[in-house]
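Read-outs: derived from the displayed coordinates by stated rules, not from any lab. Everything numeric in this text was worked out from a predicted model, so none of it was measured. Please note: Cβ atoms are built from the backbone with ideal geometry, for glycine as well, and neighbour counts cover all protein chains shown.
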Amino acid sequence: MFAKQTDTSSFEELEKFLDESIKDRCEGLMVKTLNVNSTYEPSKRSFNWLKLKKDYLDTGLGDSVDLCVVGADYGAGKRAGWFGSFLMACWNDDMGCFQTVCKVGTGLSDEMLAKAKAQLEPFIINAPPSNVKANIKMPQVKCDVYFEPKFVWEIKAADLSMSPMHTAAFGSVEAEKGIALRFPRMIRERDDK
């Protein structure tokens, strides 16, 4: 299937096309120039090709959420020697446990990754903590290491989605599915929590 496309210089038409993209459950749009400098250059940022996503426009999930770091995968490539992504969980008061809601790997600067490694390494444990309900049979949820739940991060996402992998609100909306954050990114550490 070919991707849908439109040619426009009108902001209103672009906004309408983005809305259609979001209704079709796409991440967003790629916006590019047509004539001048229109070639794509890998690993190079320019204004010739731009991502336009609904969460960039603050039309997605309105609020951020505070989640606890409960696991991580080791990084590769540029992130070798650090943790590359982190398993996040929310607290369920009724059940008295944490439930997984997403893995986050974006929004973290090199400085944040170094700080996370230094903070989290002393709290590494071999299995998910007993107060964390995680579906570790799913390879997407299983982590290289787990942590005692001590650190809270503010996370922003594009949307919520139903997930057979994550345990947050499992079975509340749809049988055999929990709720997950879609396209999560780290905003900041909540050292006040």
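Too long at a 21 Å Cα-Cα cut-off: which of Lys16/Lys156; Lys51/Lys117; Lys78/Lys103; Lys32/Lys53; Lys16/Lys53?
Distance filter (> 21 Å) returns Lys16/Lys156; Lys51/Lys117.
Please work out how much length the chain gains when fully extended from Glu154 to Asp66, using 0.36 nm per residue of separation minus the C-alpha to C-alpha distance, in nm with one decimal.
The Glu154-Asp66 span can extend by a further 31.2 nm.
When the helix-only estimate is applied to the chain (DSSP H runs of n ≥ 4, each -39,500 (n - 2.57), divided by the residue count), what is the mean residue ellipticity at 222 nm, nearest 500 deg cm²/dmol?
-4000 deg cm²/dmol
So for the chain, averaging the separation of alpha carbon pairs under 8 Å that are six or more residues apart and normalising by length, what relative contact order in percent results?
Result for the chain is 19 percent.
Highest mean first, how do 178-191, 110-123 rank when packing is the count of other Cβ atoms within 10 Å averaged over residues?
178-191, 110-123
Given points 7 Å out from each Cα along the Cα-Cβ axis, report the Trp91 to Lys193 separation in nanometres with one decimal.
Result for the modelled spin labels: 0.9 nm.
If you line up the long axis of helix 110-120 against the longest principal axis of the chain, both from Cα atoms, how many degrees apart are they, to the nearest 10?
Roughly 20 degrees between the two axes.
In percent, how large is the relative contact order of region 81-137, given Cα pairs closer than 8 Å and 6 or more residues apart?
37 percent
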